[in-house]
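The values are calculated or read from the model by the stated rules, or taken from the named source; none is laboratory data. Bear in mind that the values here come from a model prediction, so they are computed numbers and not experimental data. Every residue, glycine among them, receives a Cβ derived from its backbone with ideal geometry; neighbour counts consider all protein chains shown.
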């Protein structure tokens, strides 16, 4: 490897180390920022899972019994398996649009008020469910960024190690130039017998 080629490689490795280091730092910052924002948004809401089945906790949420919703996983579980269960019961299997349309078509004031109350409850529940699922979505992105940080960090360390090796080799001055030597084959021309002077040449 020539000296010029080695220094080109070193420059490329320096650039890669800087890029990978910046990307790893950005991924870690994004992960911490997202998790911190989710915690700050959820904590003031003071949303708690019921402490027991007697208080309305579904059996598939027993691992969250009595916990406050502070993480993306908790938010998703609460939205899908707790709020979703109650919305299905309240709406009797029908969404907000069904009860809202029914309330607008009712002519009886009592029935209209009843259907509108169900529609309002479903609207509020759907809104909270969507907000919690959005928090879970961003929390998942933050978790992916967290794992990406380790991958980028590992790649950066590997490139840094190769950079150190190349620098050491460059300082030692072990650049070599390989020359390719091409030997032409010897010509195989026909050999003729020497002719002595004074002797007639034979004619065949």
Of the residues that make up segment 127-150, is at least one closer than 30 Å to residue 2 by Cα, in contact with a helix residue (DSSP H, G or I) (Cβ under 7 Å, 6 or more places away or on another chain), assigned to a helix (DSSP H, G or I) and touching a residue at least 24 places away in the same chain (Cβ under 8 Å)? no
Could you tell me which residue of segment 79-96 is farthest from residue 128 (Cα to Cα), considering only residues that are in a helix (DSSP H, G or I), in contact (Cβ under 8 Å) with a residue 24 or more places away in the chain and in contact with a helix residue (DSSP H, G or I) (Cβ under 6 Å, 6 or more places away or on another chain)? 90
Condition (residue is closer than 27 Å to residue 143 by Cα, surrounded by 12 or more Cβ atoms within 10 Å (Cβ to Cβ) and in contact with a strand residue (DSSP E or B) (Cβ under 9 Å, 6 or more places away or on another chain)) applied to segment 49-63: is it met by at least one residue? yes
Those residues of segment 29-53 which are over 29 Å from the mean Cα position of the chain (by Cα), in contact (Cβ under 8 Å) with a residue 12 or more places away in the chain and part of a helix (DSSP H, G or I) amount to 45
Could you identify the single residue in 72, 21, 26, 56 that is touching a residue at least 24 places away in the same chain (Cβ under 8 Å) and over 20 Å from residue 135 (Cα atoms)? 21
Here is a check on your reading of the model: is residue 27 touching a helix residue (DSSP H, G or I) at 6+ places or on another chain (Cβ under 8 Å) and either more than 30 Å from residue 167 (Cβ to Cβ) or modelled with pLDDT of 90 or more (or both)? yes
When segment 96-137 is examined, which residues are found to be surrounded by fewer than 14 Cβ atoms within 10 Å (Cβ to Cβ) and more than 25 Å from residue 46 (Cα to Cα)? 97, 101, 104, 105, 107, 108, 109, 110, 111, 113
